[in-house]
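Engineer: One structure, pasted below without further comment.
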Amino acid sequence: MSSLFRLKWLLIVLLVFVRCDNDDSPPGTLELLQIFAGPDHLDPGQTTPNIPVDRSFTLVFSVQLDEAAAASSVRLLQDAASVPVDINLSSDKRTLALRPQGILSPGTTYTIEVSSSLKGAKGESFPGQSISFTTATAPLTITSAAINGESIISLNRVTDVPLDLSLQLEFSAPINPATLEEATSLSGPGNPTLSYSYSNQNQTVMIKSSALRHLSKFVFRITNALKGNEGQTFSAISKTLYTAVDITPKFPVISDDALLNLVQEQTFKYFWDFAHPSSGMARERNTSGDVITSGGSGFGIMSLIVGIERNFITREEGLQRMDKILTFLEGADRFHGAWSHWINGNTGKVVPFSANDNGGDLVETSFLMQGLLAFRQYLDDGVPNEKTLVDRINALWETVEWDWYTRGGQNVLYWHWSPDKQWTMNHPIRGYNEALITYFLAAASPTHSIDADVYHEGWAMDGGIQNGKEFYGIVLPLGYDFGGPLFFAHYSFLGLDPRNLADTYANYWTQNVNHSKINHAYAAANPKSFVGYSESNWGLTASDNHQGYSAHSPTNDLGVITPTAALSSFPYTPDESMAALKFFYYTLGDRLWGQYGFYDAFNITEGWTADSYLAIDQGPIIVMIENYRTGLLWDLFMTAPEVQIAMDKLGFTR
C-alpha cells in the first residue's frame, strides 16, 4: 500500500511540473459582455431604438484591455462615417467609456464598431463586433404662439385676451391633426368650444374659440396625447389666459341716485326677506340655517331704519320686526349681559363660535347695542307702543355688564367670557381695530361704566395705537401699516359719527378717510400684479375667499376684492366708491349681482366668485351709503344722551 501511495504522488508532481514548464499555451479569448447607452442596455443582436441623442456609451469586457489597442479599435459610425468621440478606459482596464463630442442627430441609425484589432492586456484576441442603435426622433415643440399677432410664447400668464380668441401655433414639425384636437382643451366659464384650421403641411395651426366671458380666467392645455406626423412625442403645456374687460353695461344705466337706492333696497332684502323667521335676527350667512349673529343683527337693526325711511317697508312693519327681535333677545342666553357671537335663532341658546368661545362676546354685543341705541333714538317715546320699545331697549342696554369684562378690574376690556371656559380665550381688546365702539359704549353705560383709564391704557395703549407713517403719500394716524382691513373704518362708525370726531390720539374722520384712500391707492398700484385690480376695482377687507375666509388687507392680499369694502367707504371716498359701485354693477353685475345685492367677494386671478352673503358685510353697505347720503344713522346715534357722557369721559371732541 505504501509503495502505491508513493507512486501516485510522484505522478502528480511530474504532471504539475510539465504543465508549469509549458510557456507556449495560447492566450484566452476577449469577450464584450455588456454595452449600455446611459442606463439603457443595448442588444448586440438587434438595432436598439429610441436612444436619447445626448447619451454616452459604456462597453464592459471580460478581461483587462490593452490600452493602445483600446484607443484605436473602437469607432462610432453613421452611414460608414466616423463620428467624433472621446474614449476613456476605466481604472480596472475592463470598461471602456465612449462619449460623442456633440449631440447625436435625432431619428438616425448609428453603429458602434469594435474591430478585431482590439486585444486584451495579455494578448487575448477579439473577433470584432458591431452594435447598432437608432436615436429617438426630436420631440415635437411649439416654436411660436401668438394671439392676434402678439407673441405669448414666453408668458406664463396672458392678460387682456380678446373675447373672440384666435391663437396661432407653430410647431417644430408637422403634427397629426386628430391627436391635436384630442389633446387640446380650453377650460373656464361657459366651457368654450374650439375650432381648428391647418396650414404649412400641418405645421401651423389656428385655434379659435367660441365667445369667452370677459375678465375671466381660462386655462389652455395641450396634453402629451399630441403626436407629430412621424410619431414625435410632445411634452404637455399649459397657459393661463385672462380675458379683457368688457365695459358694455350688463344692466340698464340709471342715475347715480337711483343706483344707490337700488343697492340699498336689494341688500336690505338680506335682513328683511332672509331674516330668521322665529327671531327676526340676521342669519350669519346665507347658508347658516338657524345660526344667527348678534353683531350682524345690530347692523340689520340699523338697516331697518333705512328701510322705513326709504319706503322699502312701512314704519309699522319695522316696529313689528323690532318687537320680534327684542322678544328674542330678552330670552336669549346672556353672559353678564353680553350675548354670544352666534345664537340659535329658534331657542336663543348659544352656538359656540369655537371650542372655547361659547359665552359672551363683548365686541359683537357692542355692535348689537349700537344698532339698538340708534333704533331707540329713532322711536317716538310720545307714542305708547314706541315708548314700550324704548323701555325694552333700555332694559337690555342697562343690563350689559361692561365692567365685568375688565376681568377683575384690569385697565382693559376682554373680548370673551363663559361660565365653563371662564377667561380661557384670554383676548384683551386692544386697538387699533374694529372695536372702538366697544370702549365707547362701555364708557357710556349708565349702570356698568368703565373708567377712562381702561380706554387709555387698554384700548389706546397710552398712545401705542398711533402710527403716523405715510403710505402712497397719505399719512395714517392710527393702526397697522397700510391701515389693515377696511372694516376697521366701518363697524364702529355705523352709528358713531367720525365727522370732526377727535381725541388725544387722532382725528377719526382723517383716520377713516386716509385709511380708505390708502386701500384704494394700494389696489390701483397693484404691487402683487393680481388680475383686475384698478382705480375702479378695489376694496380689501375681511370676507370669504377661494381658500375659505380671511381678513384681507394690503399686508394680507390674496387677490380678493370684497364689494363691501369700497361701498361701505362711500362717506370717506365718494368718487372712488362710486367708480367701484359702477364697476361692480354695470361691468361685473352679470356675475356679482344677486338676490341680496352683491355677492361677498371675488378673485379674478383665481377665477373665483363667491355665492355667499354675510350679514356683517351686507349691513355696512346699507348703513354707510345712507350715512353718505343723509347722515341719518350718525345723527340718530349721536343724539343719545349717553354718547355725550362717553365723549366727555374719554376726552372726545367734535
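The values are calculated or read from the model by the stated rules, or taken from the named source; none is laboratory data. Keep in mind it's a predicted model, so treat the numbers as computed, not measured. Glycine gets a Cβ as well: all are built from the backbone with ideal geometry, and neighbour counts include every protein chain shown. With ligands, DNA and RNA removed, areas are computed over all heavy atoms of the protein, side chains included. Shrake-Rupley method; radii C 1.70, N 1.55, O 1.52, S 1.80 Å.
Engineer: Which one of 458, 507, 490 is farthest out on the positive end of the charge dipole of the stretch 450-510, using unit charges on Cβ (Lys, Arg +1; Asp, Glu -1) and the Cα centre as origin?
Structural biologist: 490
Engineer: Would you work out if the stretch 299-381 is rounded, prolate or oblate? Take a ≥ b ≥ c from the square roots of the eigenvalues of the alpha-carbon gyration tensor; rounded if a/c is under 1.5, else prolate when a/b is larger than b/c, oblate otherwise.
Structural biologist: prolate
Engineer: Let me ask something else. Any idea which of 348, 301, 320 is furthest toward the positive side of the dipole for the stretch 291-377, if Lys and Arg beta-carbons carry +1 and Asp and Glu beta-carbons -1?
Structural biologist: 320
Engineer: Among 538-545, 180-187, how do they line up from the highest to the lowest mean number of other beta-carbon atoms within 10 Å?
Structural biologist: Ranking, from highest mean packing down: 538-545, 180-187.
Engineer: In debye, nearest 20, what is the charge dipole magnitude of the chain about its Cα centre with +1 on Lys and Arg Cβ and -1 on Asp and Glu Cβ, if you could check?
Structural biologist: With Lys and Arg at +1 and Asp and Glu at -1, about 1660 debye.
Engineer: For the stretch 167-243, just say rounded, prolate or oblate: build the C-alpha gyration tensor, square-root its eigenvalues into a ≥ b ≥ c, call rounded for a/c under 1.5, and beyond that prolate if a/b exceeds b/c, oblate if not.
Structural biologist: Judged from the Cα gyration tensor, the stretch 167-243 comes out prolate (a/c at least 1.5, a/b above b/c).
Engineer: Further question: Is it possible to state the helix-based mean residue ellipticity at 222 nm for the chain, with each DSSP H run of 4+ residues giving -39500 (n - 2.57), the sum divided by total residues, to the nearest 500 deg cm²/dmol? What is it?
Structural biologist: Result for the chain, helices only: -9000 deg cm²/dmol.
Engineer: Loop-only check: which trypsin sites (Lys or Arg not before Pro) in the stretch 501-583 are DSSP coil with at most 15 other Cβ within 10 angstrom?
Structural biologist: When the trypsin sites (Lys or Arg not before Pro) of the stretch 501-583 are filtered for loop state and at most 15 Cβ neighbours within 10 Å, 528 remain.
Engineer: Can you give the extra length, in nm with one decimal, that the chain gains between residue 648 and residue 354 once fully stretched, where that is 0.36 nm per residue apart less the Cα-Cα distance?
Structural biologist: Extra length available between residue 648 and residue 354 comes to 102.1 nm.
Engineer: Please list the non-local residues whose amide H lies under 5 Å from the amide H of residue 246, H modeled 1.01 Å from N, same-chain partners needing a gap of 5 or more.
Structural biologist: 215
Engineer: Same structure, new question: What distance in nm lies between label points placed 7 Å from Cα along the C-beta direction at residue 278 and residue 385?
Structural biologist: In this crude spin-label approximation the distance works out to 2.5 nm.
Engineer: Calculate, in nm to one decimal, what residue 77 and residue 194 gain on full extension: separation in residues at 0.36 nm each, minus their alpha carbon distance.
Structural biologist: Full extension of this stretch gives 37.4 nm more.
Engineer: Same structure, new question: Taking 23 Å as the cut-off for C-alpha to C-alpha distance, list the pairs among 324/387; 324/421; 269/324; 324/649; 250/528; 208/250 that go past it.
Structural biologist: Checking Cα-Cα distances, 324/421; 324/649; 250/528; 208/250 exceed 23 Å.
Engineer: Which of rounded, prolate or oblate describes the stretch 321-470 when judged by the alpha-carbon gyration tensor and an a/c cut-off of 1.5?
Structural biologist: Verdict is oblate for the stretch 321-470.
Engineer: Follow-up question, since we're still on this one. If one computes the Cα centroid of the stretch 102-175 and of the stretch 568-627, what distance in Å separates the two points?
Structural biologist: Their Cα centres are 53 Å away from one another.
Engineer: Separate question: Using 10 Å bins from zero, what percent of all Cα-Cα pairs in the chain falls into each bin?
Structural biologist: The percentages, shortest bin first, are 3, 13, 17, 15, 10, 8, 8, 7, 7, 5, 3, 2, 1, 0, 0.
Engineer: Return the percentage of antiparallel bridges among DSSP beta bridges fully within the chain, rounded to the nearest 5 %.
Structural biologist: In the chain, approximately 95 percent of DSSP beta bridges are antiparallel ones.
Engineer: Another question about this same structure. Starting at the first residue of the stretch 418-425, write each ³J(HN,Hα) from the Karplus equation 6.51 cos²θ - 1.76 cosθ + 1.60 with θ = phi - 60°, in whole Hz, x for Gly and Pro.
Structural biologist: With coefficients 6.51, -1.76 and 1.60, one gets 9, x, 8, 8, 6, 9, 4, 4 Hz.
Engineer: Just the accessible area for residue 654, please: 1.4 Å probe, Å², rounded to the nearest 10?
Structural biologist: Answer for residue 654: close to 140 Å² accessible.
Engineer: Between residue 201 and residue 311, what length in nm is gained on full extension when 0.36 nm per residue of separation is reduced by their alpha carbon distance?
Structural biologist: 32.6 nm
Engineer: Where in the chain are the DSSP H helices whose C-alpha atoms run 20 Å or more along the long axis and whose mean Kyte hydropathy is at least 0.5?
Structural biologist: Those that pass (Cα extent of 20 Å or more, hydropathy at least 0.5) are 2-20, 294-309, 362-378.
Engineer: Sequence gap at least 6, Cα distance under 8 Å: using those rules, report the relative contact order of the stretch 216-323 to the nearest whole percent.
Structural biologist: 15 percent
Engineer: If I take every Cα pair under 8 Å that is 6 or more residues apart in the stretch 533-648, average their sequence separation and divide by the length, what percent do I get for the relative contact order?
Structural biologist: 26 percent
Engineer: Let me ask something additional. Roll a 1.4 Å probe over the protein heavy atoms and report the accessible area of residue 61 in Å², nearest 10.
Structural biologist: The accessible area comes out at roughly 0 Å².
Engineer: Still on this structure, please answer the following. Which order do 353, 268 take by accessible area at a 1.4 Å probe, largest first?
Structural biologist: 353, 268
Engineer: If I histogram all Cα-Cα distances within the stretch 482-590 using bins 10 Å wide from 0, what percent of pairs lands in each bin?
Structural biologist: With 10 Å bins starting at 0, P(r) equals 16, 48, 29, 7, 0.
Engineer: Below 8 Å between Cα atoms, with a sequence gap of 6+, how large is the relative contact order for the chain in percent?
Structural biologist: For the chain, the relative contact order is 10 percent.
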